[in-house]
Amino acid sequence: MQPDNLLVTEDCRRAAEVLARIGEKWSVMIFMRLEIEPQRFSELRREIATISSKMLTSTLRGLEREGFVSRTVFPTNPPSVEYQLTDLGREMAEQLRVLATWVLGNLPRIEDARNRFDTVTIDTRRLSAQPTS
């Protein structure tokens with residue numbers, strides 16, 4: 001392998017790590033919530049009702065590590081923590097909105113492709129399950 005290929009491979013690996021974080025189900029929902037306004041942990045937990053506290057904590061930490069979210073602790077009793085998107089996070093939220101708009105605009109085509117695939121897959125399984133003579 002030539003050194004140039006190693007650099008591309010390393011860049012691809014690093015980019016894949018970030019894309020995996022962004023593409024997580026909960027990350028997208030957090031981006032959309034925080035794009036509206038900064039929120040406390042309990043507000044996020046309430047608005048994303050199906051997420052566990054453990055998963056919310058883990059996802060927020062990951063987004064903070066990547067530089068998409070900032071965390072501010074207020075000296076109240078008990079301490080209050082607020083999360084907001086950083087400039088980088090706001091830029092990412094814009095891109096996610098573009099992607100979501102594309103998906104919504106193409107849902108009929110995607111669903112049609114799924115139905116065609118499922119029909120062919122079911123028919124193929126039926127044929128392969130029939131005994132041969």
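Only one of the listed residues (15, 100) is of a type outside the set (D, E, K, R), at pLDDT below 95 and surrounded by 12 or more Cβ atoms within 10 Å (Cβ to Cβ). That residue is 100.
Scan 69, 81, 98 and give me the residue that is over 15 Å from the mean Cα position of the chain (by Cα) and of a type in the set (A, V, I, L, M, F, W, C).
On the way: 69 fails: over 15 Å from the mean Cα position of the chain (by Cα); 98 fails: over 15 Å from the mean Cα position of the chain (by Cα).
Sole residue among the options that is over 15 Å from the mean Cα position of the chain (by Cα) and of a type in the set (A, V, I, L, M, F, W, C): 81.
Evaluating residue 74 against the criteria (1) more than 17 Å from the chain's Cα centre (by Cα); (2) surrounded by 14 or more Cβ atoms within 10 Å (Cβ to Cβ); (3) among the aromatic types (Phe, Trp, Tyr) leaves one unmet condition, (2).
Residue pairs whose Cβ atoms lie under 8 Å apart, separated by 6 or more positions or on different chains, with the first residue in region 46-71 and farther than 15 Å from residue 22 by Cβ and the second basic (Lys, Arg) and surrounded by 14 or more Cβ atoms within 10 Å (Cβ to Cβ), are 47/33; 48/33; 51/45; 53/45; 56/45.
The values are calculated or read from the model by the stated rules, or taken from the named source; none is laboratory data. All figures in this text were calculated on a predicted structure; none of them were measured in a lab. Here Cβ is always computed from backbone atoms with ideal geometry, including for glycine, and neighbour counts include all displayed protein chains.
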